[in-house]
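Notes to accompany the following structure.
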Amino acid sequence: MAKKKVEKTKTIEETLWQSCDKLRGSVEPSEYKHVVLGLIFLKFTSDKFEERRATLITEGKEKYVEMKDFYNMKNVFFLEEVSRWSYISKNAKQDDIAIKIDTALHTIEKNNPSLRGALPDNYFSRLGLDKSKLASLLDKINEIDTLKNNGQDIVGRVYEYFLSKFAIKEGKGKGEFYTPKSIVNLIAEMIEPYKGIIYDPACGSGGMFVQSIKFIESHHGNKKEVSIYGQEYTNTTYKLAKMNLAIRGISANLGEKAADTFADDQHKDLKADFIMANPPFNQKDWRGADELLDDPRWKGYEVPPKSNANYGWILNMVSKLSENGVAGFILANGALSGGGEEYKIRKKLIENGIVEAIAVLPQNMFYTTNISVTLWILNNNKKERTLQLPDTIRNYRNRKEEVLFLDLREIGEPFEKKFIQFSDGPTGHVKQIADTYHSWQQKDFGYKDKPEFCYSATKQEIIDKDYSLVPSKYIEFVNRDENIDFDEKMVSLQSELKYLLKQEAASKQELLGVFKELGYEIEL
């Protein structure tokens with residue numbers, strides 16, 4: 001009996017992604033994420049609207065079903081007839097469907113002030129999409145029941161999956177709107193943003209905020225105890241962030257507009273309890289030669305060089321940290337040992353005792369670059385104190401004169417064939433790294449230096465290394481070659497090679513035999 005073919009069940013995300021691939025050719029990859037994510041947003045808001053509308057009718061409140069306040073009071077966007085998915089779906093095969101979608105998005109934004117500036121403006125009609133492909137995509141999105149299981153956050157999953165896929169698709173030099181999930185997760189688990197103001201000065205699509213809320217929920221915290229502030233330079237990414245947060249019910253202040261954090265700071269007087277960021281790496285000419293020389297964000301430090309924005313980002317974050325503020329951010333490795341003005345700023349940061357931890361990450365974690373990058377943790381309060389968190393108590397020791405170095409280059413698992421990520425879960429990499437960090441921070445918690453993984457350095461050791469923060473200068477390296485028996489190793493290699501050559505010879509004879517049987521003998 002023939003074996004029954006077992007088909008792998010595709011997830012909603014995979015099915016949708018394949019469907020979106022049909023847009024290839026008619027739309028640039030950098031463009032069609034706005035097409036797809038805009039439509040997913042429209043479907044989700046419409047499903048939420050219809051759910052609320054049905055509830056009002058069930059409760060005998062039919063006379064209120066067209067009143068905006070009865071939707072807004074439940075954090076649901078009110079939608080006019082032309083903005084509802086049912087209307088879009090019904091007209092999916094019409095010639096003017098692109099105009100109808102633009103009208104739907106415009107009307108939603110007009111009626112809901114919190115979405116001001118978030119939704120694509122006349123985007124679909126300007127693109128000149130192939131009508132049949134757009135109709136096919138609408139049909140596919142129509143199959144998603146975004147409310148099927150609120151606990152699963154289906155829309156959030158689809159959104160995140162798409163953002164990561166688009167980042168991979170756009171490749172190097174692009175895709176800066178997305179920080180890989182496992183890195184964001186690691187930062188959240190290390191700085192523990194339970195309560196207070198969270199800020200991201202280069203917020204991209206808002207992934208840091210989404211992960212912060214997930215962190216709070218998974219550790220039994222109260223997400224109403226955090227306020228979110230961010231800024232983003234690119235207008236289309238600013239809109240993505242607003243949609244990404246709105247779709248998950250996260251309110252945030254991303255400033256009045258998309259703007260350059262250095263030239264047009266949207267949160268000048270902000271003091272944040274937690275800062276999470278993945279600013280652009282090694283950004284050149286981020287200010288003019290005579291610009292921002294007296295900016296208050298550099299107060300007490302040298303002016304960051306215009307040739308590289310890395311220390312501009314660092315000082316922007318330092319200036320916005322509250323008294324007990326903690327920052328976790330990613331930078332290119334060059335910032336660990338740069339000379340000139342960067343050296344002077346780094347020296348002062350170390351002398352001020354706010355550098356808490358430096359962790360070098362594996363290569364190939366980012367979709368946009370394959371360089372190795374570093375996670376920095378800065379902490380304005382490294383003094384001894386006790387902190388009650390929702391699910392634990394932290395008994396911090398005084399570590400003002402110490403910095404923890406971590407080498408994570410050999411940690412991680414393959415992801416999407418050519419990328420690396422940290423595993424999640426109770427025994428995963430993220431927990432292992434965060435536990436090491438938290439045990440180092442606390443009194444009598446069993447922390448020990450571990451060769452090729454972690455080392456707690458004193459300020460004097462760092463001064464002796466001329467204020468370098470390169471982890472390999474501190475973490476012990478194990479020379480595995482020095483104890484190898486040469487003859488024993490060569491005998492082992494000889495045996496392995498003999499086996500491989502025999503296998504190769506057998507394969508060759510087998511191949512020659514097949515061709516001879518087919519009547520196409522190969523003569524060597």
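Apart from one condition, N282 fits all of (1) open to solvent by 40 Å² or more (accessible area, probe 1.4 Å); (2) touching a Gly at 6+ places or on another chain (Cβ under 8 Å); (3) at negative phi; the exception is (3). State whether the residues of the range 488-497 include one that is under 47 Å from the mean Cα position of the chain (by Cα), closer than 30 Å to W376 by Cβ, free of Cβ contacts under 8 Å to residues at least 60 places away in the same chain and part of a helix (DSSP H, G or I). The answer is no; no qualifying residue exists. Against the conditions (1) of a type in the set (A, V, I, L, M, F, W, C); (2) on the phi > 0 side of the Ramachandran plot; (3) touching a residue at least 60 places away in the same chain (Cβ under 8 Å), A277 satisfies every one except (2).
Filtering the range 206-231 to residues that are among the β-branched types (V, I, T) and under 17 Å from the mean Cα position of the chain (by Cα) leaves V210, I213, I216, I228. When we screen S132, S86, S125 for residues that are of a type in the set (S, T, N, Q) and surrounded by 15 or more Cβ atoms within 10 Å (Cβ to Cβ), the only hit is S125. Note on the range 235-282: residues that are among the hydroxyl-bearing types (S, T, Y) and assigned to a loop (DSSP other than H, G, I, E, B) amount to 2. For the range 339-385, residues that are over 16 Å from Y437 (Cα atoms) and of a type in the set (V, I, T) total 6. Among the residues making up the range 322-347, those that are open to solvent by 10 Å² or more (accessible area, probe 1.4 Å) and more than 26 Å from D449 (Cα to Cα) are S322, E323, N324, G338, G339, G340, E341, E342, Y343, K344.
D424 meets the conditions (1) in contact with a Leu (Cβ under 7 Å, 6 or more places away or on another chain); (2) open to solvent by 50 Å² or more (accessible area, probe 1.4 Å) in every case but one. The failed one is (1). Sort out which residues of the range 210-261 are in contact (Cβ under 8 Å) with a residue 60 or more places away in the chain, among the aromatic types (F, W, Y) and under 18 Å from G325 (Cβ atoms), and write them in order of number. Correct list: empty.
The one condition from (1) over 25 Å from the mean Cα position of the chain (by Cα); (2) of a type in the set (A, V, I, L, M); (3) open to solvent by less than 60 Å² (accessible area, probe 1.4 Å) that I393 does not meet is (3). Counting only strands (runs of 3 or more DSSP E) wholly contained in the range 295-403, the ones carrying 2 or more residues that are touching a residue at least 60 places away in the same chain (Cβ under 8 Å) and either closer than 18 Å to A188 by Cα or among the aromatic types (F, W, Y) (or both) occupy 321-332, 355-360, 373-379. Among the residues of the range 163-184, some residue qualifies, meaning at least one is in contact with a strand residue (DSSP E or B) (Cβ under 9 Å, 6 or more places away or on another chain), in a helix (DSSP H, G or I), at pLDDT 85 or above and of a type in the set (A, V, I, L, M, F, W, C).
In the range 112-129, the residues that are of a type in the set (G, A, S) form Cβ pairs under 6 Å with partners that are open to solvent by less than 90 Å² (accessible area, probe 1.4 Å) and in a helix (DSSP H, G or I), at six or more places apart or across chains, as follows: A118/K239; A118/K242; A118/M243; S125/A98; S125/D102. Taking the range 268-310 as the range and being in contact with a strand residue (DSSP E or B) (Cβ under 9 Å, 6 or more places away or on another chain) and of a type in the set (F, W, Y) as the test, the residues that pass are F274, F281. D424 meets each of the listed conditions (1) modelled with pLDDT under 95; (2) in a helix (DSSP H, G or I) apart from (2).
Restricted to helices (runs of 4 or more DSSP H) entirely inside the range 70-135, those with at least 1 residues that are of a type in the set (D, E) and modelled with pLDDT under 90 are 97-111. Filtering D444, D466 for residues that are exposed (fewer than 15 other Cβ atoms within 10 Å of the Cβ) and either modelled with pLDDT of 95 or more or not in a loop (DSSP other than H, G, I, E, B) (or both) leaves a single hit, D466.
Taking the range 225-238, which residues are surrounded by 24 or more Cβ atoms within 10 Å (Cβ to Cβ), under 21 Å from F166 (Cβ atoms) and not acidic (D, E)? Listed by number, the residues that qualify are G230, Y238. Residue pairs whose Cβ atoms lie under 8 Å apart, separated by 6 or more positions or on different chains, with the first residue in the range 85-108 and more than 16 Å from L137 (Cβ to Cβ) and of a type outside the set (A, V, I, L, M, F, W, C) and the second open to solvent by less than 60 Å² (accessible area, probe 1.4 Å) and not in a helix (DSSP H, G or I), are H106/L119; T107/L79.
The values are calculated or read from the model by the stated rules, or taken from the named source; none is laboratory data. It should be emphasised that the depicted structure is a prediction, and the values quoted were computed from it without experimental measurement. As a convention, Cβ positions derive from the backbone with ideal geometry for all residues, glycine included, and neighbour counts pool all protein chains shown. Just so you know, the surface numbers come from the protein's heavy atoms only, side chains and all, with ligands and any DNA or RNA stripped out. Shrake-Rupley method; radii C 1.70, N 1.55, O 1.52, S 1.80 Å.
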